[in-house]
Amino acid sequence: MTRPAPKTFHVKSFGCQMNAYDGARMAELLEGQGMAAASGEAADLVVLNTCHIREKAAEKVYSDIGRLKRADGSRPMIAVAGCVAQAEGAEIPRRAPAVDIVVGPQAYHNLPALVAEASQGRRALDTDMPVESKFAHLPRRRAQGASAFLTVQEGCDKFCTYCVVPYTRGAEVSRPWRQIIEEARALADAGAREITLLGQNVNAWEGEDEAGRAQGLDGLIRAIDRIPGIARIRYMTSHPNDMRDGLIAAHAEVASLMPFLHLPVQAGSDRILKAMNRSHTAEGYLRLIERVRAARPDIAISGDFIVGFPGETEADFAQTLALVEQVGHAQAFSFKYSPRPGTPAATMADQVPTAVMDERLQRLQALLSSQALAFNRASEGLVMPVLIERDGKKPGQRLGKSPWLQSVLVDNDVPHGTILDVAIISGGPNSLQGVAAAQKAA
Ligand code: SAH
Ligand code: SF4
Ligand code: F3S
């Protein structure tokens, strides 16, 4: 059965920042086809840009599909994109026949063709990982707001034993230097003041500059630093083993590189790190943090943790808590281990009971929250530059980010994109509050 070609779309992204980036690029692509953004199931086409990292995230897509029904019983054209699309492919429409399109994270530049196929009443599927990059087929970046994501590296060759990413995103690929610099310039032209360079292992980025010299992520950061309009640079997510000297030095030397490092360690027990195939030790991680802090003493450290990996004993877990105590995190994400189909850890002996995981997660999160609160409290009384990104809830309020990635609520109505000196009045568990420093002095 043919159906009218969709005129409006809605993209909903789950999971990591790289999915958020892909979602933005899909929206730009569909807009380039003359389609207009709309909200929710009222849109003619809904793209669910999914995440496969833990079971809960992956299962969520099926309940979301069920909810995409309108009052009159009709439903939008439904596309499943992202990592669930890559991992489950044709299985998705078998389980959820309402799905019209399945498109993987390396194939979404073909979305317009897939939409045309679905309009002809055919189910359309594309989970190829073409050698030729999708980036060459995407339109120029448009206005994004004050802070923008830019994917520079994709995929992962690390094969941590719990993780689906090497399967859903494929092998590590670095985008070429020139393409990245052009995209950064386009973002700056569109009003971005801050760029966050993204990759599953962003610090593994490597390439050649215009002169043919070999460069790492630090070289790329130094080049983006020179683009007029760009005042702040960030990058995530990094792997400890790819944290090279040049990048550490950049934290001391490049003023626009923000003092924040998301460097997941996952666990504090060497036995568990080995079973995870992390190929670093707890001690090695701590030494690395010391070197980073020597280069940039005020750097805020963030991380990811998994509790209840198969075989994790109370003694192993105690070592995770001990590592957290030693690092002192400004913020962190922590998760219960979730067995993922096809990964080595899913079939390991000694899976940890849920109740034990729950209890460990609670203890870890209590510690991490107390560290985050202490970090935010230590900001009270300081004056810091805040990049204003959006409106606050109340009129005359703005929300922005500190150099250390804290959310800051300011009583001021300066335009978005302003970097405002803010005097911090109070620090809470998740954010800071302040007033313009000039205002306070007056
Ligand atoms: N490439 C990044 C992170 C990718 S996924 C890195 O290596 O740091 C983001 C986080 O999800 C991981 O750091 C890990 O903490 C968590 N994660 C990944 N697989 C998981 C699983 N099977 N169960 C629970 N948490 C998981
Ligand atoms: Fe997953 Fe490990 Fe690769 Fe990170 S480094 S994406 S956790 S396999
Ligand atoms: Fe999820 Fe895929 Fe990102 S599995 S965390 S959306 S790379």
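The values are calculated or read from the model by the stated rules, or taken from the named source; none is laboratory data. Nothing here was measured: the structure is a model prediction, and the numbers come from that model. Here the Cβ positions follow ideal geometry from the backbone for every residue, glycine too, while neighbour counts run over all protein chains shown.
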Subset of segment 55-87 [out of contact with any strand residue (DSSP E or B) (no Cβ under 8 Å at 6 or more places or on another chain), away from ligand 1 (no atom under 15 Å from the Cβ) and closer than 21 Å to Ala107 by Cα]: none
Long-range neighbours under 8 Å by Cβ, at least six apart or interchain, first residue closer than 16 Å to Glu59 by Cα within segment 72-101, second of a type in the set (Phe, Trp, Tyr): Ala81/Tyr108; Gly82/Phe14; Gln86/Tyr167; Ala87/Tyr167; Arg95/Tyr62; Ala96/Tyr62
Meets criteria (within 29 Å of Ser334 (Cα to Cα) and touching a Ser or Thr at 6+ places or on another chain (Cβ under 9 Å)) for Ala231: no
From Ser269, Ser238, residue being assigned by TED's automatic domain parsing to the domain that holds Ala204, touching a helix residue (DSSP H, G or I) at 6+ places or on another chain (Cβ under 9 Å) and within 16 Å of ligand 3 (Cβ to nearest atom): Ser238
Filter pass, Gly82 being in contact with a Gly (Cβ under 9 Å, 6 or more places away or on another chain) and closer than 30 Å to Ala186 by Cβ: yes
Any hit, segment 287-296, residues being touching a residue at least 40 places away in the same chain (Cβ under 8 Å) and among the charged types (D, E, K, R): yes
Criterion (touching a Lys or Arg at 6+ places or on another chain (Cβ under 9 Å) and either farther than 17 Å from Ile301 by Cβ or assigned to a strand (DSSP E or B) (or both)) met by exactly one of Gly381, Gly400: Gly400
Answer from Arg94, Arg141 - the residue that is among the basic types (Lys, Arg), at pLDDT 95 or above and more than 13 Å from ligand 3 (Cβ to nearest atom): Arg94
Per-region count, segment 280-297, residues assigned to a loop (DSSP other than H, G, I, E, B) and within 23 Å of the chain's Cα centre (by Cα): 1
Thr320 surrounded by fewer than 14 Cβ atoms within 10 Å (Cβ to Cβ) and either assigned by TED's automatic domain parsing to the domain that holds Gly15 or within 15 Å of ligand 1 (Cβ to nearest atom) (or both): no
Of all residues in segment 379-405 being among the charged types (D, E, K, R) and surrounded by 21 or more Cβ atoms within 10 Å (Cβ to Cβ), the one that is farthest from Asn430 (Cα to Cα): Arg398
Scan of segment 189-214 for residues that are over 27 Å from Lys158 (Cβ atoms), in contact with a helix residue (DSSP H, G or I) (Cβ under 9 Å, 6 or more places away or on another chain) and surrounded by 17 or more Cβ atoms within 10 Å (Cβ to Cβ), ordered by number: Ala192
Residue identified as in contact with a Ser or Thr (Cβ under 8 Å, 6 or more places away or on another chain) and of a type in the set (Ser, Thr, Tyr) among Thr196, Thr281: Thr196
Helices (runs of 4 or more DSSP H) contained in segment 49-111 and holding at least 2 residues away from ligand 2 (no atom under 16 Å from the Cβ), among the β-branched types (Val, Ile, Thr) and over 18 Å from the mean Cα position of the chain (by Cα): 55-67
Among (1) within 14 Å of Gly82 (Cα to Cα); (2) surrounded by fewer than 19 Cβ atoms within 10 Å (Cβ to Cβ) - the single one Thr2 does not satisfy: (1)
Residue tally, condition in contact with a strand residue (DSSP E or B) (Cβ under 7 Å, 6 or more places away or on another chain) and more than 16 Å from ligand 3 (Cβ to nearest atom), over segment 294-327: 8
Verdict on Ala24 being touching a helix residue (DSSP H, G or I) at 6+ places or on another chain (Cβ under 7 Å) and farther than 29 Å from Pro339 by Cβ: no
